[in-house]
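No value in this document is a laboratory result; all are computed from the given coordinates. As the structure is a computational prediction, the values presented were derived from the model and not from experiment. Here the Cβ positions follow ideal geometry from the backbone for every residue, glycine too, while neighbour counts run over all protein chains shown.
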Amino acid sequence: MSHDSDLPRNILFGSGLEQRFLRFYRKIFSIAEIEESTALKWSAGAFLFATFVSFYRWVGEHTITIDAYLKNDYTCWPYFMSCGKYYFLHALPEGYSQTTLYTAFFGLMLLIVYLMYKKDWVLAHMGLLVLWFWKVMFVFVFAYLGGGNFAYYDIILLFIWLFIPYKLFFLRSVFVLLYFLASTIKIDAGWIAGTYFTSLSTGLPIFGNFLAPVATNIVIFMQMVGSWFLLSGRKMLQRLALAGFIFFHLYSGILVEYRYMATALPVLIILFGLFYEKLPIPRDRKALAGWLLIALLCALQLSRLLIVSPTDQRLTLEGNRFGLFMFEANHQCVSYITIVTNDERSRKLRSESSDAHRRCDPYREWFSIQQLCSRTPDASYIEWKYDHSVNGGPFYRIVDEQNACSLTYMLWKHNSWIKRYSDKPEIIGYPLENIY
């Protein structure tokens, strides 16, 4: 541990107890690896940039605000159904608490940049840990629809940087593994035949619908096979893979805008471009945490197969958010809700989705209905019909329930009230071309 008196931590925390804690912190989180690696130092800057992009979007959203809870415009995870009762923020124009919190986070980001400049990686690590913790709370505790897969990337990769020994090796390995896992959800007619994009009103950007099947299969091959060449010791193969993925991310920005590029491109270039060198495979006990993380990610990606078949999973979306799910299919859905009161009056609610990137998850609508059931004391029952189209196919009525208030949702088992293809649900009609 450096005893340079100019380090902010040594200036601010000079007592023996404080110094012992700092030495312990530095050791337990393997911060010496960061101090000795240019790639890890630059990666910290990339993670900070991706965090800023996330928070820039979240600061103006009402996703986890008191107002969202009061308006029943929120969704909790199945394992924490009461999350809305713990919301404590007001977004503009209802109040200033959310903007105050994110302003404090922005100040912390500036402080982390200063600590990086001063080469105090212990305090910089602590600052990034705070930001990572809030992102985990937002995505996995407070909001079922909080961040999407882009936030998963941030959380997983920064987790390795923060906690896992052999940081550089496992950052590279897991980054490649995420490409591979993303390819597994594309083994589907929507990608193999290209109907994911040909069913869009705007089609495939630049290349057009004629080349859509060629382009989509190239992406599958790149992510499933080509990604592993990023770890190659052969410079030509490694650089070709790097160039291919840089182009892939720039092209994907046409559809998903800056968010995915901000997460993936800087880390990709730092880990596999500017500072790439072949690393030995760690096999000692310290590496166990990294290997367990890889096993866990694979298990979570496969867990949805324990619930329904891959084909049916596109329709029911059960277990969808326990792994990577971005770009897996083009979804459209329509939900019909009828609230029938004790005096036999009725009120009808209808919602629909025409955007391909919105996942038509019956759980989301089920959760909202359960809140209606508890918040509408004069309701006798609530009828619910839910129609879902995948990749421009027919609208199937996958939910048709007379009393939705009586339904329960099981996390690790198929919910029989959600119809699968094998249940031969009724075809209601056919969708128009939608937009991404």
Exercise for the section: Any chance you could get the radius of gyration and Dmax over the Cα atoms of the chain, in Å? Expected result: 23.9, 77
Practice task
Take the Cβ-Cβ distance between Ile428 and Thr103 as r, set R0 to 51 Å, and report the resulting FRET efficiency rounded to the nearest 0.05.
Solution key: 0.60
Completion exercise
Placing +1 on each Lys and Arg Cβ and -1 on each Asp and Glu Cβ in the chain, then taking the dipole about the Cα centre, the residue among Met137, Ile156, Ile187 whose Cα reaches farthest towards the positive end is Ile156
Practice task
Measure nothing but the geometry: give the 0 to 90° angle between the long axis through the Cα atoms of 38-58 and the longest principal axis through the Cα atoms of the chain, rounded to 10°.
Solution key: 30
Practice task
Under a 10 Å cutoff between Cα atoms, tell me which one of Tyr166, Tyr363, Tyr86 has the largest fluctuation in the Gaussian network model of the chain.
Solution key: Tyr86
Handout entry: Phe159/Val113 FRET efficiency (R0 35 Å; Cβ-Cβ; nearest 0.05)
Key = 0.95
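From the Cα trace of the stretch 1-157, what convex hull volume per residue do you get, rounded to a whole Å³?
It comes to 131 Å³ per residue, whole-number rounded.
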Practice task
Return the single residue from Gly253, Gly146, Gly319 with maximal mean-square fluctuation; model: Gaussian network over the chain, springs between Cα atoms under 10 Å.
Solution key: Gly253
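Pairs to check: Lys41/Lys119; Lys186/Lys278; Lys186/Lys413; Lys41/Lys167; Lys27/Lys135. Give those whose C-alpha atoms are more than 21 Å from each other in this structure. Write down the numbers at each step before the final one.
On the way: Lys41/Lys119 9 Å; Lys186/Lys278 29 Å; Lys186/Lys413 23 Å; Lys41/Lys167 11 Å; Lys27/Lys135 25 Å.
Over 21 Å Cα-Cα: Lys186/Lys278; Lys186/Lys413; Lys27/Lys135.
Please report the equivalent ellipsoid semi-axes of the stretch 161-252, computed as sqrt(5 x eigenvalue) of the Cα gyration tensor, largest first, in whole Å. Could the numbers behind the result be given before it?
Working: eigenvalues 164, 42, 25 Å².
Semi-axes from the Cα gyration tensor: 29, 15, 11 Å.
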Fill in the blank from the handout: Simple spin-label estimate for Leu305/Leu240, 7 Å along Cα→Cβ, in nm, reads 3.0
Practice task
Report, by chain and number, residues whose modeled amide H sits under 5 Å from the one on Ser380, excluding near sequence neighbours (fewer than 5 apart, same chain).
Solution key: Val340, Thr341, Asn342
Practice task
Name the residues whose placed amide hydrogens come within less than 5 Å of the amide hydrogen of Leu204, ignoring near sequence neighbours (fewer than 5 apart) on the same chain.
Solution key: Asn209
Practice task
Any lysines with Cα under 19 Å of the Lys419 Cα? List them, leaving off those in the same chain fewer than 8 positions away.
Solution key: Lys385
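In nm, what is the difference between 0.36 nm times the number of residues separating Phe247 and Asp284 and their Cα-Cα distance? Each step should come with its number before you reach the end.
Details: separation 37, 0.36 × 37 = 13.32 nm, distance 3.67 nm.
Extra length from Phe247 to Asp284 when fully extended: 9.7 nm.
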Problem - Using a Förster distance of 45 Å, the FRET efficiency for Ile294-Asp378 (Cβ separation, nearest 0.05) - result: 0.30
Exercise for the section: Give a residue-ordered list of calculated ³J(HN,Hα) values for the stretch 189-201 (Karplus: 6.51 cos²θ - 1.76 cosθ + 1.60, θ = phi - 60°; whole Hz; x for Gly, Pro). Expected result: 4, x, 9, 5, 8, x, 5, 3, 8, 5, 7, 7, 5
Practice task
May I ask for the distance between the Cα centers of the stretch 104-144 and the stretch 302-364, given as a whole number of Å?
Solution key: 34
Fill in the blank from the handout: Expected vector for the stretch 62-78, Karplus 3J(HN,Hα) from phi with 6.51, -1.76, 1.60 and θ = phi - 60°, integer Hz, x for Gly and Pro, equals 9, 4, 10, 9, 4, 4, 4, 5, 5, 8, 6, 10, 8, 9, 9, 5, x
Handout entry: the stretch 312-384, Rg to Rh (Cα coordinates; Rh as Kirkwood inverse mean 1/r)
Key = 1.07
Problem - Convex hull volume of the stretch 205-323 per residue (C-alpha atoms, cubic angstrom) - result: 152
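Given the DSSP H assignment, sum -39500 (n - 2.57) over each helix run of at least 4 residues in the chain and divide by its residue total; what's the result at 222 nm in deg cm²/dmol, nearest 500?
Values: 17 runs with 214 residues, N = 436.
Helix-only estimate at 222 nm: -15500 deg cm²/dmol.
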Fill in the blank from the handout: Note: Ser416 to Ile206 extended length (0.36 nm per residue) minus current alpha-carbon separation gives 71.4 nm
Problem - All-pairs alpha carbon distance profile, the stretch 291-436, 5 Å steps from 0, percent - result: 2, 9, 18, 20, 19, 14, 9, 5, 2, 1, 0, 0, 0
Exercise for the section: Report P(r) for the stretch 121-193: all Cα-Cα distances, bin width 5 Å, range 0 to the bin holding the largest distance, values in whole percent. Expected result: 3, 14, 19, 19, 19, 13, 7, 4, 2, 1, 0
Problem - Lys348 paired with Lys27, simple spin-label distance in nm, labels 7 Å along Cα-to-beta-carbon - result: 7.0
